[in-house]
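Quick note: the coordinates plus some simple rules give every number you see, no bench work behind them. This is a predicted model, so every value here is computed, not measured. Cβ: placed from backbone, ideal geometry, glycine included. Neighbour counts: every protein chain shown.
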Amino acid sequence: RKEVEQDPGPFNVPEGATVAFNCTYSNSASQSFFWYRQDCRKEPKLLMSVYSSGNEDGRFTAQLNRASQYISLLIRDSKLSDSATYLCVVRGETSYDKVIFGPGTSLSVIP
Amino acid sequence: EAQVTQNPRYLITVTGKKLTVTCSQNMNHEYMSWYRQDPGLGLRQIYYSMNVEVTDKGDVPEGYKVSRKEKRNFPLILESPSPNQTSLYFCASRFLREGANVLTFGAGSRLTVL
């Protein structure tokens with residue numbers, strides 16, 4: 001089993017749609033979780049950290065389920081500019097542990 | 001501006017010609033890392049460094065070397081490049097303390113080995 005797995009995608013959605021991405025991780029001791037966004041051929045950039053109680057940033061909502069080792073990202077009212085690859089990122093138990101990137105899920109928002 | 005700077009951004013070279021990709025960060029981060037990204041394979045870690053003079057292998061270190069003589073710099077060295085090292089390379093850095101360990105990436109270096 002891969003350490004971090006994501007929906008294979010690609011997701012093609014119309015503008016204004018709500019889309020959800022899922023991610024599972026294998027290390028139950030993991031402590032830090034993130035969603036990164038990567039535009040084509042550019043560097044990954046932090047979209048948001050994921051907290052245990054769930055958190056929201058505008059149209060983006062992240063949830064963490066430690067018992068199921070599952071992370072989600074919900075994008076509401078999709079914009080054309082949301083088209084990108086979304087990477088689920090998990091770090092181990094301590095800040096000295098490795099950061100593991102999921103393979104990413106591609107999103108295309110269509111006019 | 002806080003950033004990670006990589007150079008060169010684009011490079012075409014030939015098999016066997018040694019090259020160095022530089023990486024510099026101005027955020028006083030202890031941790032620095034190199035990744036390569038290939039279609040269908042995602043981001044794979046090549047080498048990382050927890051601090052000056054402390055480096056360790058990642059998942060795909062073969063054919064690469066690194067050094068960390070200063071905190072801000074972490075060059076990636078390809079002693080004898082081969083075509084299978086054609087890839088998009090990213091340098092990244094972060095703090096090691098809790099609550100501040102978000103990775104910041106450089107803009108990437110696209111390398112082609114002929």
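Determine if the range A:73-91 includes at least one residue that is free of Cβ contacts under 8 Å to residues at least 60 places away in the same chain, polar (S, T, N, Q) and more than 19 Å from residue A:46 (Cβ to Cβ).
Among the residues of the range A:73-91, not one is free of Cβ contacts under 8 Å to residues at least 60 places away in the same chain, polar (S, T, N, Q) and more than 19 Å from residue A:46 (Cβ to Cβ), which makes the answer no.
Polar (S, T, N, Q) and away from every other protein chain (no Cβ under 13 Å): which single residue out of A:49, A:72, A:32 fits that description?
A:72
Can you tell me which residue within the range B:72-101, out of those that are within 12 Å of another protein chain (Cβ to nearest Cβ) and surrounded by fewer than 16 Cβ atoms within 10 Å (Cβ to Cβ), is nearest to residue B:19 (Cα to Cα)?
Ranking the candidates gives B:96 first.
Condition check ((1) in contact with a Pro (Cβ under 6 Å, 6 or more places away or on another chain); (2) in a strand (DSSP E or B)) across all residues:
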| position | (1), (2) |
| --- | --- |
| B:5 | no, yes |
| B:17 | no, no |
| B:22 | yes, yes |
| B:40 | no, no |
| B:43 | no, yes |
| B:47 | yes, yes |
| B:61 | no, no |
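Sort out for me the strands (runs of 3 or more DSSP E) sitting completely within the range A:1-70 that have 1 or more residues that are surrounded by 17 or more Cβ atoms within 10 Å (Cβ to Cβ).
Ranges flagged: A:4-6, A:11-14, A:19-25, A:32-38, A:45-50, A:60-65.
Looking for whichever is within 8 Å of chain A (Cβ to nearest Cβ) and surrounded by 15 or more Cβ atoms within 10 Å (Cβ to Cβ) here; the options are B:111, B:43. Which one fits?
On inspection, the qualifying residue turns out to be B:43.
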